[in-house]
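A quick write-up on the structure given underneath.
A short reminder: the numbers here are calculations on the coordinates, not readings from a lab. None of these values were measured; they are calculated from a predicted model. A quick note on method: Cβ atoms are made from the backbone with ideal geometry, for glycine too, and the neighbour counts reach across all protein chains shown.
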Amino acid sequence: MNITFSDVTKTFEPDITALSDVNLNIEQGEFVYVVGQTGSGKSTLLRLITREILPSAGVVAVGGYDLRRMRRADVPYYRRDVGLVAQDFKLIPSLTVYENIAFVMETMSVPKKIVAERTKDVISQVGLWRRRFMRPNQLSGGEQQRVAIARALANSPSLFIADEPTGNLDFHTAADVMKILFSINAAGVTVVMSTHNQNIVNSSRRRVIELENGKLIRDEKGGTYTG
Amino acid sequence: MTTLRYILRDMWRLVVHHWVLGLLTLITAGVMMWILGVTTLFSLNLENLLSRLESELVVQAYLVKDNTLDIEKTAAKIQALEYVYAMKIYSPADSLAKLQEKMGSQSRALDMLGENPIPYNFEIHVHRAEDVEHLVDELNAMPEVDDVVYAGLVVKRISALSRISSRIALVMFILSVIITALVVYNTIHISLYSRREEIGIMYLVGATRAYIATPFVLEGTLLSLLGAVIAAAGIMGAYFPGVTLIQSNLPFLRNSIITDRAVIFRFCALLAGFGATLGWVCSYIIVARFINSITKPE
């Protein structure tokens, strides 16, 4: 799923410009880091892709569809093809690990047996099968992040959005999470990940998009980040 | 079918998760539905009693004593009046015989009168008590009519009672509906508000608005329906012993009270259906508004 930003500006009330005239194109199967200081517009860029917010000006197109023109009723169907991992995990606190992951398939009326098989697969993939009956508040930050990744993987999405997925994690846990993301990308899934972790960016040398005060100041293949 | 199973499970999760609030809603909805049912039943019985009294109300119109008067023509003229429901003609001889029968052993006093003093007269029945006054005015305006006799005060009281009882029933009905609606609305609102973050997440990971909303709507409908069923069961259980008690203490009301079990059963079924509908409407409105606001992109 390719992503195109054409002259995208996003302002918030009263007068905060989060993104200004951003133009970029991400091809299917790419792994892209979105870097920049806190408040540079990284999360805004990702939230525009997931259609949590709409651009104030310009066009955000994903898979050829202008997200602004997308009917509200079609948004859930679009999101089922976008795996989302947020910094604050966004897990449903009243559900167990298993239920959180199964939920995304249940919304698509997937039969119970298939839900059970697929849920087992993705939980095992992130190494949390033994913790499947626990609720998010009984897990560590790294484990919660892995649950969020498993949930994002459940629907086999074409696009994977990760907003600072390693932000709350120690070095080793962050490395584990990155391994999972690289393996997802290796399977042909487009991954867009925001981070300000220099080690991660510099050790993998992927495409880097750098934002500063809402402006795109660098778009470099095999780039690094010095913060 | 799979979706329905998931939705029903989610609804059950909601009910269990907010069981204290649910129980309070159930009790309040039950009490309000019971009040609604009892008020309506009381009103129906009162209406029954009043319509019986009204059917027994009679206006007696006495014609002028004039041998040239065409009785048939006058009868047709009166029959054509708007408020006349039924009419019976009494000749002077019939009227005297009726009077004698009423007076029993004292009827000999009538013989002292010599000539029969009673003119041709009509016994007229009306549809409603409030029609009597209008009918009397119209009869008095007719030159053929000499005198009109009716139970004026009784008519006024029955009319007033009928009006008041209808108004009280209407007010009680509206109040019960509003209170039940507010309680269900509030419960679902609290249920939604306490899970607003979850709802946002559900929408973010691909749940449709209908999928998110349906368990909440079903929760409100279920609580309201159960409240109404409890109220209906309470009414069914208390109504017939109450009727027996009233009939033994106030025998003159015997024929004015609804005693048909099928009618009461249908009424209770209707009450349960009304409860479920009310719960569904309230829940639907609040859920639609809440989910719309929470899923709207900035």
Provide the net charge surrounding residue B:215, with neighbours chosen by a C-beta distance below 11 Å and charges set as Lys +1, Arg +1, Asp -1, Glu -1.
-> +1
Would you mind checking the pairs A:42/B:296; A:112/A:179; B:65/B:156; A:90/A:120; B:65/B:98 and listing those with alpha carbons more than 28 angstrom apart?
-> A:112/A:179; B:65/B:156
Cα to Cα, under 15 Å, and not fewer than 8 places away if on the same chain: which aspartates and glutamates meet these conditions relative to residue B:73?
-> B:144
Proximal charge balance of residue B:163 [Cβ under 13 Å; K/R count +1, D/E count -1] = +1
For helix B:19-56, report the angle its Cα long axis makes with the longest principal axis of the Cα atoms of chain B; keep it between 0 and 90° and round to the nearest 10°.
-> 10
For chain A, what is the mean residue ellipticity at 222 nm derived from helices alone (per DSSP H run of n ≥ 4: -39500 (n - 2.57); sum divided by total residues; nearest 500 deg cm²/dmol)?
-> -9500 deg cm²/dmol
Would you calculate a helix-derived [θ] at 222 nm for chain B, using -39,500 (n - 2.57) for each DSSP H run of n ≥ 4 and dividing by the full residue count, to the nearest 500?
-> -25500 deg cm²/dmol
Compute the distribution of all C-alpha to C-alpha distances in the protein assembly as shown, in bins of 20 Å from 0, and list the percent of pairs in each, rounded to whole numbers.
-> 17, 31, 19, 15, 12, 5, 0
Scan region B:21-121 for trypsin sites (Lys or Arg not before Pro) in coil per DSSP, keeping those whose Cβ has at most 11 other Cβ atoms within 10 Å, and list them by number.
-> none
In nm, the gap between the two label points placed 7 Å beyond Cα toward Cβ at residue B:69 and residue A:133 is 9.7
How far, in degrees from 0 to 90, does helix A:97-106 lean away from the longest principal axis of the Cα atoms of chain A, to the nearest 10?
-> 70
Quick one: compute a quarter of the convex hull surface over the Cα atoms of region B:58-150 and quote it in nm².
-> 6.2
Helix A:141-154 vs. chain A, principal-axis angle (Cα, 0 to 90°, nearest 10) = 90
With a Förster radius of 51 Å, plug the Cβ-Cβ distance of residue B:81 and residue B:8 into 1/(1 + (r/R0)^6) and report the FRET value to the nearest 0.05.
-> 0.25
Summed residue charge, Cβ within 12 Å of residue A:147's Cβ, Lys/Arg positive, Asp/Glu negative | +4
